[in-house]
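Reviewing the structure listed below.
Every number here is computed from the coordinates shown, using simple stated rules; none is lab data. The structure presented is a predicted model; accordingly, all values stated were derived computationally and were not measured. Every residue, glycine as well, gets a Cβ built from its backbone with ideal geometry; the counts of neighbours run over all protein chains shown.
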């Protein structure tokens, strides 16, 4: 395996799919994040190495295009690689392929945060020592910066409970995707052969805190915003390819 690009083979099993037999959006994000963390370890910038410098990686934005969703019992290759930096962001790309054919593509922006100074550091301090992978693009555009949307309606209330939390006691990056999927009729997602997702992580969601989820649709694109008393904590944009447009469902306190 090249150090420049991390790649690992997986078999899609029952725990990764939905009733439609497709790889679920949550499982896809789990694969991508695991590849990113594993590659960071190989490159000497994993969790422990960064903590020795009193620095941490914070995911700020991610865009994922599930052009063709892998299915049960398919052998897939999950790849990830750094793509340099853009202003304050360290950029990382992702790909899930079958027999060399890309099915899922993604790009993420990360902030490198100094724990002692309590502020982001310039990403080139780290990224200039890592492979650039110039010209190797999963996506050519930067992850979308999502602005405030008007006309959203309250759709659900979520409390950050044990299954949602990572080892830092905050809602795990991929659990946002679960909260988003829970806003739709499951059958509509199961019928979608392709899904486009953009998520902006605005603030940490801590254990037991309550987040109000707001939902709206414009021209077949679905907008979700998580809000707490302090303001918005995340924003997301989702588009499905399906026979009929998805419809949000109302949910109670989870």
In nm, what is the difference between 0.36 nm times the number of residues separating residue 37 and residue 67 and their Cα-Cα distance? 8.4 nm
Just grab the label-to-label distance for residue 167 and residue 182, each label 7 Å out from Cα along the Cβ direction, in nm (one decimal). 2.5 nm
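Can you tell me how much longer the chain between residue 206 and residue 157 gets when fully stretched, taken as 0.36 nm per residue apart minus their C-alpha distance, in nm with one decimal?
Details: separation 49, 0.36 × 49 = 17.64 nm, distance 1.47 nm.
Roughly 16.2 nm would be gained on extension.
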According to a simple spin-label model (label point 7 Å from Cα along Cα-to-Cβ), what is the distance in nm between residue 114 and residue 87? 2.0 nm
Let me have the 222 nm mean residue ellipticity of the chain computed from DSSP H runs of 4+ only, each contributing -39500 (n - 2.57), with the sum over all residues rounded to the nearest 500. -4500 deg cm²/dmol
Among 184, 234, 167, which one shows the biggest mean-square fluctuation in a GNM of the chain, springs joining Cα atoms closer than 10 Å? 167
Given points 7 Å out from each Cα along the Cα-Cβ axis, report the residue 56 to residue 149 separation in nanometres with one decimal. 2.9 nm
Run the numbers for residue 121 and residue 137: contour at 0.36 nm per residue of separation, minus the present Cα-Cα distance, in nm. 3.3 nm
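If the viscosity is 1.306 mPa s and the temperature 10 °C, what Stokes-Einstein diffusion coefficient in µm²/s follows for segment 99-200 when Rh is the Kirkwood radius over Cα pairs?
90 µm²/s
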Please work out whether segment 106-150 counts as rounded, prolate or oblate from its C-alpha gyration tensor, where a ≥ b ≥ c are the square roots of the eigenvalues and a/c under 1.5 means rounded, while otherwise a/b larger than b/c means prolate and anything else oblate? oblate
For Cα pairs less than 8 Å apart in space and 6+ apart in sequence, what is the mean separation divided by the residue count of segment 37-94, i.e. the relative contact order in percent? 20 percent
